[in-house]
Amino acid sequence: MTSRPFKQVDVFTSTPYFGNPLAVVLDGSGIDDAAMQRFAAWTNLSETTFILPPTEPAADYRVRIFTPGGELPFAGHPTLGSCHAWLQAGGKPKAAAQIVQQSAVGLVAIRREGERLAFAAPPVRRIAPSPTLLAKVAAALGLRAPQIVAAQLLDNGPAWLGLLLNDADTVLTLKPDHRALRELGQKVGVAGLPAADDSPRLIGRSNREARAFARSEEAPADIEVRAFAAPIGVEEDPVTGSFNASLAQWLIADGHLPESYVAAQGQTLGRAGRVHIRRDADGQVWVGGDSVTCVDGTVML
């Protein structure tokens, strides 16, 4: 075993321990797939990443992303957290304007927005789910048909069934049957806008029971999000970049949300994640978030 530089980063928060933690092994050279997977299962975090030299000339570094149950081609919070850790460890991008990450999904552009990083959302493929799948997922979530405003199967590397629900409180009060979702083999993300009588950008306080668990200074938000990923060993992900990326591409395109908004995620887990979304003049959606390093040291691998 070799001593390797290691960081544990909290992503989509400016307040330590209120976002989504990520384990980052800053030198993944010479670690085989089985050892990477074993370490990811041992950390028991939603994702663990390994930084490697790039094999694409345009890339600044390469990343491999593992959940406790398997490897992912792309994920959002590991993208931002790995880039944060790489820069903090002295990484120097080839171009001043942006950092280029190589992952299994291809090259992902990341840019600095002040202290915050934002990645370019990969292209999303989306189709309507079958009525049978939708009915089974609704049953597993305890939802009635009128509570589902819209649904899409979204794929930007990871595949999610996205559900837009009737309001934010419905999202916050869901009690999913994770075993049923695991048996269906379907990751599900849900989102809800504030009810018509709620004040704009106050949904972070729309559910007192959920809010009681989270205390931070994060900004108010425009939409509430939750993500359930039992098929890959994560019952509920605290804050999910890949799903928020594809969700934004869908909801902005279909007129449900403006071109710039803030999503809240993690309240029911005692977190206060914030995902900053913006679609630029070229139609590219950028997914941004703050990151803070909570653990800095070495790991034996």
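Take the solvent-accessible surface of the protein heavy atoms, probe 1.4 Å, and return the percent of it on the stretch 115-188 that carbon and sulfur atoms account for.
C and S fraction of accessible area: 52 percent.
List the relative contact order of the chain as a percent without decimals, with contacts defined as Cα pairs under 8 Å and 6+ residues apart.
Contact order relative to length: 23 percent.
What share of the DSSP beta bridges in the chain is antiparallel, in percent to the nearest 5?
85 percent
How large, in percent, is the carbon and sulfur part of the accessible surface of the stretch 1-108 at a probe radius of 1.4 Å?
Within the stretch 1-108, the accessible surface is 55 percent carbon and sulfur.
Relative to the compact-globule scaling 2.2 N^0.38 Å, provide the ratio for the alpha-carbon radius of gyration of the chain.
Relative to the rule-of-thumb radius for its length, the chain sits at 0.95.
Please list the radius of gyration and Dmax for the stretch 42-101, considering alpha-carbon atoms only, with Å as the unit.
Spelled out, the Cα radius of gyration and Dmax of the stretch 42-101 are 11.9, 36 Å.
Run through the stretch 33-128 and list the GluC sites (Glu not before Pro) located in a DSSP loop whose Cβ has at most 14 other Cβ atoms within 10 Å.
GLU115
Sort 161-170, 143-152 by packing, meaning the average of other beta carbons within 10 Å per residue, with the highest value first.
Per-residue mean Cβ counts within 10 Å order the peptides as 161-170, 143-152.
Suppose the chain between GLU235 and GLU183 were pulled fully straight at 0.36 nm per residue; how much longer would it get relative to their current alpha carbon spacing?
17.5 nm
Evaluate the Kirkwood expression for the hydrodynamic radius of the stretch 1-152, namely the inverse of the mean inverse distance over all pairs of different C-alpha atoms, and round to one decimal in Å.
For the stretch 1-152, inverting the mean 1/r across all distinct Cα pairs yields 17.2 Å.
Kindly report the accessible area of the stretch 46-180 per residue (heavy atoms of protein chains, probe 1.4 Å, no ligands, DNA or RNA), in Å².
That works out to 42 Å² for each residue.
Once the stretch 63-176 is represented by equal point scatterers at the alpha-carbon sites, with solvent omitted, what log10 I(q)/I(0) does the Debye formula produce at q = 0.10, 0.15 Å⁻¹?
Results for the stretch 63-176 at q = 0.10, 0.15 Å⁻¹ read -0.44, -0.82.
Show log10 I(q)/I(0) for the stretch 72-138 at q = 0.13 Å⁻¹, two decimals, from a solvent-free Debye sum over equal Cα scatterers.
Rounded to two decimals, the profile gives -0.48.
Have a look at ALA118, ALA128, ALA23 and tell me which one the Gaussian network model of the chain (Cα, springs below 10 Å) gives the largest fluctuation.
ALA128
Please list the equivalent ellipsoid semi-axes of the stretch 229-289, computed as the square roots of five times the alpha-carbon gyration tensor eigenvalues, in descending order and whole angstrom.
Each semi-axis is √(5λ); the values are 23, 13, 10 Å.
What lysines could a cross-link reach from LYS187, if we take a straight Cα to Cα line under 28 Å and drop same-chain neighbours fewer than 8 places away?
LYS7, LYS136, LYS175
The values are calculated or read from the model by the stated rules, or taken from the named source; none is laboratory data. Because the structure is a prediction, the values reported are computed rather than measured. Here Cβ is always computed from backbone atoms with ideal geometry, including for glycine, and neighbour counts include all displayed protein chains. SASA here: full protein model, heavy atoms, side chains in, ligands and nucleic acids out. Shrake-Rupley method; radii C 1.70, N 1.55, O 1.52, S 1.80 Å.
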